[in-house]
Amino acid sequence: MVSNLGEVLDDDAIDIVSVCTPTPSHAEIAIRALGAGKNVLLEKPIALTIPDAFAIAAAADASSGLLMVAHVVRFFDGYQRLRQEWEAGDLGAVRSVTASRLSSAPQSASWITDPNRSGGPLVDFAIHDFDQLNLFLGTPLAVTALPGGMPGFIETTVEYDSGTGRVITCTQMPDDYPFSSSLEVTGSRATSAFRYPAVTEDSPYTTQAAYFLACVRNGVEPRECPTDAAIQALRLALAAQRSWATGETIQLPAS
């Protein structure tokens, strides 16, 4: 086992670095790894700040290695099915997207419960749902995050040119509550929905890793998880966090 990052980056036999460290360390590790020409699979969120996110993206642009931010929900079977239905035109023009993500309090790592280190539930947890809203609805214009109807619940509404997104988030469910998430997409032709957990044959984490490995082997950009989408999801999550803290609607920049 090696505990020195420099040893890893100096080893020519290593060409992929998977970064699963606490979010505040993402920028330093990812930038160093990309600077060494490594291919980097970076756990979401891409960073805790937009400047750090742009610095990582710039390092990727300058690197011979590839960068993919691990928004693993994009590899969940049900989420992929909804996207395929939309891309095939079955749903028509998307007008509304509603997502939920519920869990008990995390027990494995104390840093996750520290919003200064994790960004809080809207940045660390709900970012998957914000990514899905952006995927279906485009560029967010404004966001409002308010207390939900039960303790610990946060209800976030996001305005888009094409419609409205809604995200329900809670990380304070009872200890025996099983993790669950859902996505409902309503278009001009039909509505389709998915709820997790559901029976699937493959682990989305395995699917994600296999996809990134194929991109590395073939020397192609990981278009399933573009870096600009990861930055846009972070921008929305940070705005939602500001709205939650102030009770105000936050307007988002056009780009």
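Only the coordinates and a few stated rules stand behind these numbers; no lab work does. Because the structure is predicted, anything quoted here is derived from the model rather than measured. In this analysis, Cβ positions are derived from the backbone assuming ideal geometry, glycine residues included, and neighbour counts consider all displayed protein chains.
Mean shadow of segment 81-225, computed from the convex hull of its alpha carbons, in nm²? Taking a quarter of the hull surface, the average projection is 10.7 nm². Computed from backbone phi, the HN-Hα couplings of segment 69-86 come to 7, 7, 7, 5, 4, 5, 10, 6, 3, x, 5, 5, 4, 4, 5, 5, 4, 5 Hz, rounded to whole numbers (Karplus: 6.51 cos²θ - 1.76 cosθ + 1.60, θ = phi - 60°; Gly and Pro given as x). Computed from Cα atoms, the angle from the helix 26-35 axis to the main principal axis of the chain rounds to 40 degrees.
Per-residue Karplus couplings for segment 5-13, computed as 6.51 cos²θ - 1.76 cosθ + 1.60 with θ equal to phi - 60°, are listed in order as 4, x, 4, 5, 5, 7, 8, 5, 6 Hz, Gly and Pro entered as x.
Taking only the C-alpha atoms of segment 1-43, Rg followed by Dmax gives 9.6, 27 Å.
Rank GLY152, THR169, THR246 by how far each Cα sits towards the positive end of the charge dipole of segment 116-255 (+1 on Lys, Arg Cβ; -1 on Asp, Glu Cβ) and give me just the farthest. It is THR246, whose Cα lies furthest towards the positive end. Under a model in which nothing but the beta-carbon of Lys, Arg (+1) and Asp, Glu (-1) is charged, the chain shows a dipole of about 520 debye around its Cα centre. Amide H contacts under 5 Å for SER18: LEU41, restricted to partners 5 or more places along the chain or on a different chain, H placed in the peptide plane at 1.01 Å from N. Normalised by the number of residues in the chain, the average gap of Cα pairs under 8 Å and 6 or more apart makes the relative contact order 24 percent.
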